[in-house]
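Only the coordinates and a few stated rules stand behind these numbers; no lab work does. It should be emphasised that the depicted structure is a prediction, and the values quoted were computed from it without experimental measurement. Glycine also receives a Cβ, built like all others from the backbone with ideal geometry; neighbour counts cover every protein chain displayed.
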């Protein structure tokens, strides 16, 4: 069996057990996955970025896969999620990092510069709306329809039962149906996500991200001006069935140093669906 191009680590970081994979040496790049994936979401980016001269670290976010799963909705507030990022950067021996986030990882990445000024050197976001714009657009009928699952997730018990039916069969359906590129997710990769989601407590932890955001909000002090001096790349797959392109309207006013790249032939699952384009854009931007 060929050796994996990365190393697995699992350590206590800031009082939370975190699992991550890493590869390469050089400036730090943290890759934050989204719902309902884990570190494997970045399987195409880790070797490419490592080969380009970076130390690449892709953690399982709290609640996911092999990382700790604290109980309670309040354990998934944004300040704690962003704190995990800051704690990991310092645990790895760095003062600053390049930060890349997709979906929920992108939502966290947007907030880290506000909650931990000076930590982020360059920021890259993949199909994750800025929290200020998302709050505004969620009130519109079009985005409310796209994000109806967010409201369903506020219910107790029923979301977990629904997502765990047929051994988390929703994952197989979603990751086969959504991507523009046929076979963007292999059967083995889909099964790895399903197995991780079936771990006791994992489904509730993942849904608690949405519950905490809905109940406590993401009104982070200083968020509107937090990206001053932080070069930012936004990659957006326009075939996203969950997040409409109108979520990009007004982004330039919030991000002074912005490069926005719209990718028409890609879905929400950009790291897999447009892997070569994503790799090229990230290497050019972070280099």
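Look at where the Cα atoms of the range 166-223 and of the range 57-110 average out, and the two centres are 16 Å apart. Take 6-12, 163-169, 24-30, 269-275 and order them by the average number of nearby Cβ atoms within 10 Å per residue, most first; the result is 269-275, 24-30, 163-169, 6-12.
Among 176-182, 238-244, the peptide with the highest mean count of other Cβ atoms within 10 Å heads the list, and the full ranking is 238-244, 176-182.
Our analysis of the range 1-86 gives Rg over Rh at 0.99, with the two radii drawn from alpha carbon positions and Rh computed by the Kirkwood formula.
Per the Cauchy relation, a quarter of the hull surface: what is the mean projected area of the convex hull of the alpha carbons in the range 175-287, in nm²? Mind dumping the intermediate values first?
Details: hull surface 36.3 nm².
Approximately 9.1 nm², given one-decimal rounding.
Arranged from highest to lowest average of other beta-carbon atoms within 10 Å per residue, in what order do the peptides 116-123, 42-49 appear? Walk me through the intermediate numbers first.
On the way: 116-123: 18.8, 42-49: 21.9.
Ranked from most to least packed, the peptides come out as 42-49, 116-123.
The range 235-253 and the range 1-50 have Cα centres lying 27 Å from one another.
Taking every DSSP bridge with both residues inside the chain, close to 35 percent are antiparallel.
Just so you know, the averaged projected area of the alpha carbon convex hull for the chain sits at 13.8 nm².
Where a ≥ b ≥ c are the square roots of the eigenvalues of the C-alpha gyration tensor, would you call the range 165-207 rounded, which needs a/c under 1.5, or, failing that, prolate if a/b is larger than b/c, or oblate? Verdict is prolate for the range 165-207.
Roughly how compact is the range 129-203, stated as its Cα Rg over 2.2 N^0.38 Å to two decimals?
1.31
Using the Cβ-Cβ distance between residue 80 and residue 11 with R0 = 22 Å, the FRET efficiency computed as 1/(1 + (r/R0)^6) comes to roughly 0.80. Here the spin labels are modelled as points 7 Å beyond Cα on the Cα-Cβ line, and at residue 283 and residue 51 they lie 0.6 nm apart. Only residues of the range 114-132 count here: report those whose backbone N is under 19 Å from the spot 7 Å along Cα→Cβ of residue 253, or say none. The answer is 129-132, whose backbone nitrogens lie closer than 19 Å to the label point.
Please tell me the relative contact order of the range 7-286 in percent, rounded to the nearest whole number, where contacts are Cα pairs under 8 Å and at least six residues apart. Could the numbers behind the result be given before it?
Working: 525 pairs, mean separation 59.6, N = 280.
Once divided by the residue count of the range 7-286, the mean separation gives 21 percent.
Stretching the chain fully between residue 214 and residue 139 yields a gain of 25.7 nm (0.36 nm per residue, less the alpha carbon separation).
Just to verify a number: FRET efficiency for residue 95 and residue 191, C-beta to C-beta distance, R0 = 30 Å, to 0.05?
Numbers: r = 39 Å, r/R0 = 1.29.
After rounding, the FRET efficiency stands at 0.20.
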